[in-house]
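All remarks here apply to the structure that follows.
The values are calculated or read from the model by the stated rules, or taken from the named source; none is laboratory data. This is a predicted model, so every value here is computed, not measured. Cβ placement follows ideal geometry from the backbone for every residue including glycine, while neighbour counts extend to all protein chains displayed.
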Amino acid sequence: MTEKTRSLAEAIAEIADGSRLAIGGNTLHRGPGAAVHEIVRQGKVRLEIVKTAGAYDVDLLCAAGCATAVAAGFVGFETPFGMAPNYRRAVEQGRVEAKEHACYTVIAGLRAAIQGVPFMPIAGMTGSDLPAARGFQTLADPYTQQAVVVIPALIPDVAIIHVHEADRQGNARIIGTRFEDVLMVQAARHVIVTTEQIVDGADFEASPESIAIAGFMVDAVVEAPHGAWPFSCARRYDYDAAYLTAYLAAATDEATLQQFIAEHLLAVPAALIEA
Amino acid sequence: MAANTATARRTGADTNPVAAPAMMAVTLARLLQDGETVFHGVASPLPMVATLLAQRLHAPSLVYLNITGGIESRPEQLPGSTVDPRLLHGSRALVTLTDLFDLAARGRLDVAFLSGVQIDASGRINMSVIGDFARPTVRLPGGAGSAALMPSARRTILWRTKHDPRIFVERLDFITADGNVSHVVTPLCLFARRAGRLTVASLHPGVTPEMVRDATGFAVDVGPATPITPPPTERELAALAALDPGQISASEFARTAG
């Protein structure tokens, strides 16, 4: 069996500039925070982020100049914190392209990729300006002639997800909601799994049906305790409201924001930040 | 005189942070029927509270669905984020967000709760941009699942915790979603969509026709004959207080984004 464990720095180093990057989790929950911070530290550029609903991950990658496009249904910090200021500013200044999706169209694009077909028909979308603005085409159903919107396959170059437990081959357990993580793993060309802890895969034999991710689809496994921080990780820890509040306070101004990123994310070794 | 009265009442409403959240939560809850499948998405504290409130009041068999995929969960503590793992508590089965969109797509989702930064007279919403789509003056969060859900859910209930002419507009900057809107609930009134157009079904207690007319950017037919929304009963208020001691239902009133 292939040994897939890597350091965080090694795993992130394999991401090429210009990649289409799918990020697991949803809004404030179980995003791969440690991996996102390492992407900032390594100064990746021209990334296209894929996510149904993003928050700190998308906003920070826009702030740090790593992302130039965001394909997502929603970007915001939800009611406790409000808008995503750096995503908003980057799009308004033309530094980032907002490839707005309905969340279901992200899912449809990933499903097309998973099934090896060029596009996926979906219900809904009638009356919306999104298909015209985003170039989503309408076809006639060849059987009934009814119009249907079709979403092109969305193939991530890389998917990064954070899980509760993984073995050294990449078999991985997610506790609670899986969000779109399993779809992203199946659709992507290269998969990085960060995990709260690496466990003995023999532990999974008692209930393989509870394992979300099959290791043969995974390329790199990184042990990253507290690696969702500042996102929540179900049944382990909540999102870090104090940190997110401080981040958003710094984000009101470009100078204080870059100072915040330098102090909190660049100057400090990863192990200390995530501890 | 009417203007003075309206101003005085509006000031009064603004300085009472409890009244509007309770009024909206109860009004939203009353719109839900027993046995319905009901879904809310991200950033939706009032729909979360209203759905759980309806279950406790008159809809014990309502099927409560949200992005966590938990089915009929019974959260011990209401979270500020409406995708929070706390929403899994008490759930006996788990589906995915994909499953929930698929449910709507095949016509089996009864109610979707959605909102708009702008809402027009036909109940269409803009959650995308102010200005040009490619190079906007203001980039908004995006419509999440609304473009897919609004046409495919059997009905959509919109809510918005502010009611002013910049929100309720004659013309949207961008149509993020269009579809089966049945009602819109605001701090001032309940709109129902009849013959494709939002009409004022009832004014909340203390709200005058002038207040709604002044606060709405499209023409509304409202006057002395417009009914008053029945105020929350003691039973409704007691159930709300027991459900939401941390006043999560008031959390959206501190924010401008819907």
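Values as computed for the structure displayed
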{"item": "Count of the range B:98-125 residues which are farther than 14 Å from B:VAL42 by Cβ, within 14 Å of the chain's Cα centre (by Cα) and of a type in the set (Ser, Thr, Tyr)", "result": "0"}
{"item": "Any hit, the range B:96-117, residues being surrounded by 24 or more Cβ atoms within 10 Å (Cβ to Cβ), facing chain A (nearest Cβ under 9 Å), touching an Asp or Glu at 6+ places or on another chain (Cβ under 9 Å) and part of a loop (DSSP other than H, G, I, E, B)", "result": "no"}
{"item": "Lone qualifier among B:ALA8, B:ALA29 - being in a helix (DSSP H, G or I), modelled with pLDDT under 95 and hydrophobic (A, V, I, L, M, F, W, C)", "result": "B:ALA8"}
{"item": "In the range B:64-86, the residues that are farther than 13 Å from A:PHE179 by Cα and over 19 Å from the mean Cα position of the chain (by Cα)", "result": "B:ILE71, B:GLU72, B:SER73, B:ARG74, B:PRO75, B:GLU76, B:GLN77, B:ARG86"}
{"item": "Any hit, the range B:208-225, residues being within 30 Å of B:ARG56 (Cβ to Cβ) and either hydroxyl-bearing (Ser, Thr, Tyr) or in contact (Cβ under 8 Å) with a residue 60 or more places away in the chain (or both)", "result": "no"}
{"item": "Residue list for the range B:166-205, filter: among the aromatic types (Phe, Trp, Tyr) and part of a strand (DSSP E or B)", "result": "B:PHE168, B:PHE191"}
{"item": "Unique residue being of a type in the set (A, V, I, L, M), within 14 Å of chain A (Cβ to nearest Cβ) and touching a residue at least 40 places away in the same chain (Cβ under 8 Å) when the list is B:LEU158, B:LEU149, B:LEU198, B:LEU190", "result": "B:LEU149"}
{"item": "Matching entry among A:GLU223, A:GLU274 (being acidic (Asp, Glu) and at pLDDT below 95)", "result": "A:GLU274"}
{"item": "Filter result (within 14 Å of chain A (Cβ to nearest Cβ) and outside any helix (DSSP H, G or I)) within the range B:206-258", "result": "B:ASP244, B:GLY246, B:GLN247, B:ARG255, B:THR256, B:ALA257, B:GLY258"}
{"item": "All positions within the range B:66-81 that are more than 7 Å from chain A (Cβ to nearest Cβ) and part of a loop (DSSP other than H, G, I, E, B)", "result": "B:GLU72, B:SER73, B:ARG74, B:PRO75, B:GLU76, B:GLN77, B:LEU78, B:PRO79"}
{"item": "Count of the range A:68-86 residues which are more than 15 Å from the chain's Cα centre (by Cα), facing chain B (nearest Cβ under 8 Å) and under 24 Å from A:SER19 (Cβ atoms)", "result": "1"}
